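Enquirer: Just dropping this structure here.
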Amino acid sequence: MLHPGTSSVSATDALHLEDEHAAHNYAPLPVVIASGDGAWVTDVDGNRYLDCLAAYSAVNFGHSNPRLVAAAKEQLDRITLTSRAFHHDLLGPFVTELAALAGKDLVLPMNTGAEAVETGIKVARAWGYRVKGVAAHAANIVVFHGNFHGRTTTIVGFSDDPDARDGFGPFTPGFRSVAYGDAGAVAAAIDENTVAVLVEPIQGEAGVIVPPDDFLPELRRICTESRVLLIADEVQSGLGRVGETFASDLWSVVPDVYLLGKALGGGIMPLSAVVADREVLGVIRPGEHGSTFGGNPLACAIGLEVIRMLATGEPQQRARELGERMRGRLDAFVGHGVTAVRGAGLWAGVDVDPVIGTGRELAERMLRRGILVKDTHGATIRFAPPIVVDPADLDWAMDEFEAALRERSA
Ligand SMILES: *Cc1c(COP(=O)(O)O)cnc(C)c1O
């Protein structure tokens, strides 16, 4: 289980080298991970930690998932990259099974979540001009306060997080931001040039913000009536995390476009996708969009296994059951160091009472107790363990969180 000594780098050296030569675009917790297995990771000194972040849900199926690693290893020996200049034998099966999982016609594979979002924006604009008949260069897209869709210059341009956008302009025009959860504001923002509403069904980075129950259904109704595409960014919320295949399923809403990423690559490869029907995604013609690595054989081999696991419905059911278990514990902390708990399935945002400490301080206390969590927006702790987590380990993490809340500030 443990592999202490297999790392050639000490924790001190690893931290020093990073500090000296890695750009400081993150402020990681002081743990140097060397290996992982299921919901557990091991640091360079052989200490084990329960991973309750799961790489922002990219590791939904656990570290070193045997089925996914086997698929990757088999494909490594065969072929890993052809470019889309040629066909390869796994793209067809991958797009066919992903389209079936989503109930759509077509798939456009990319690599990162941000690329899926960028692709969705391009597709929506092209659809607007070529199908809806919007005047050239006039298209607009409605987005939401508190959104997180990635880090490219276009995407940060419609973020309202100063850390994400300040100093990086000028930005791409054509976006209008309205209050999250307010369908009336969306209706008011839509005009004849609106091509899409881009929404996270649950806002992840904002702190696992769950909208009112009528929000998604209302967006669906408004978009259909106004002939506007509903684009669901399910990069973090999709693929099992919430106890359904997609978070949109929680409200029985079918968007026009799904944006997928993170868990699609099984925590092994970056793999993202835009999934939509032919009348939408069919607007893209050869030469208009692409990616050297998008849809490569290695990523497709892993993605296929991910899709086949989800097609059984088992990960979704497990996330639902474990989520209820976790939520029951977290809800009991409200009023005892916690001011609010939000979430769905095995995904929770927990607001820590400032009297207890900052989110970062709580994350550090949890680290000392052998549990990895990450704070967001100052006071929020996010719990998103791999769906393969053992129920007893999850209970233990909740016990430790309760104890961490009681710990006196250092
Ligand atoms: C993480 C995330 C992205 C960006 O994905 P990257 O792979 O980091 O580019 C986009 N949308 C949402 C909702 C995300 O959580």
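The values are calculated or read from the model by the stated rules, or taken from the named source; none is laboratory data. This one's a predicted model, so the numbers in the text were calculated from it and none came from an experiment. All Cβ positions, even for glycine, are placed from backbone atoms using ideal geometry, and neighbour counts span all protein chains on display.
Enquirer: Mind telling me which of the residues 190, 202, 222 ends up being on the phi < 0 side of the Ramachandran plot and within 16 Å of the ligand (Cβ to nearest atom)?
Expert: Unique residue meeting the criteria: 202.
Enquirer: Of the residues 270, 217, only one is outside any helix (DSSP H, G or I) and not assigned by TED's automatic domain parsing to the domain that holds residue 345; which?
Expert: Among 270, 217, only 270 is outside any helix (DSSP H, G or I) and not assigned by TED's automatic domain parsing to the domain that holds residue 345.
Enquirer: Out of (1) within 12 Å of the ligand (Cβ to nearest atom); (2) crowded, with 23+ Cβ neighbours inside 10 Å, the odd one out for residue 242 is which?
Expert: (1)
Enquirer: Please work out if residue 105 is of a type in the set (Asp, Glu) and in the same structural domain as residue 254 (by TED's automatic domain parsing).
Expert: Yes; evaluated as a whole, the condition is true for this residue.
Enquirer: Here's something else I'd like to know. Quickly run through region 174-209 and pick out the residues that are of a type in the set (S, T, N, Q) and either within 22 Å of the chain's Cα centre (by Cα) or assigned by TED's automatic domain parsing to the domain that holds residue 382 (or both).
Expert: Result: 177, 203.
Enquirer: Across region 367-378, what is the number of residues that are without any contact (Cβ under 8 Å) to a residue 40 or more places away in the chain and at negative phi?
Expert: Of the residues in that region, 3 qualify.
Enquirer: Still on this structure, please answer the following. Cβ-Cβ distance below 6 Å, separation of 6 or more or different chains: which pairs start in region 333-358 with a residue that is surrounded by fewer than 21 Cβ atoms within 10 Å (Cβ to Cβ) and end on one that is of a type in the set (Ser, Thr, Tyr)?
Expert: Correct list of pairs: 351/339; 351/380; 353/339.
Enquirer: Now for a different question. For the structure I just gave you, tell me whether residue 131 is within 15 Å of the ligand (Cβ to nearest atom) and either under 23 Å from residue 271 (Cα atoms) or assigned to a helix (DSSP H, G or I) (or both).
Expert: Considered against the rule, which asks whether it is within 15 Å of the ligand (Cβ to nearest atom) and either under 23 Å from residue 271 (Cα atoms) or assigned to a helix (DSSP H, G or I) (or both), residue 131 comes out as no.
Enquirer: I would also like to ask the following. When region 289-342 is examined, which residues are found to be under 20 Å from residue 58 (Cβ atoms) and not in a helix (DSSP H, G or I)?
Expert: Within region 289-342, 291, 293, 294, 295, 296 meet the criteria.
Enquirer: Oh, and also: Checking residue 228 against (1) out of contact with any helix residue (DSSP H, G or I) (no Cβ under 6 Å at 6 or more places or on another chain); (2) under 23 Å from residue 83 (Cα atoms); (3) more than 11 Å from the ligand (Cβ to nearest atom), only one condition comes out false. Which one?
Expert: With (1) out of contact with any helix residue (DSSP H, G or I) (no Cβ under 6 Å at 6 or more places or on another chain); (2) under 23 Å from residue 83 (Cα atoms); (3) more than 11 Å from the ligand (Cβ to nearest atom) applied to residue 228, the lone miss is (2).
Enquirer: Taking region 134-184, which residues are hydrophobic (A, V, I, L, M, F, W, C) and within 13 Å of the ligand (Cβ to nearest atom)?
Expert: Across region 134-184, the qualifying residues are 143, 144, 148, 155, 156, 158, 164.
Enquirer: Also, quick follow-up: How many of the residues making up region 245-275 are polar (S, T, N, Q) and within 12 Å of the ligand (Cβ to nearest atom)?
Expert: Residues in region 245-275 being polar (S, T, N, Q) and within 12 Å of the ligand (Cβ to nearest atom): 1 in total.
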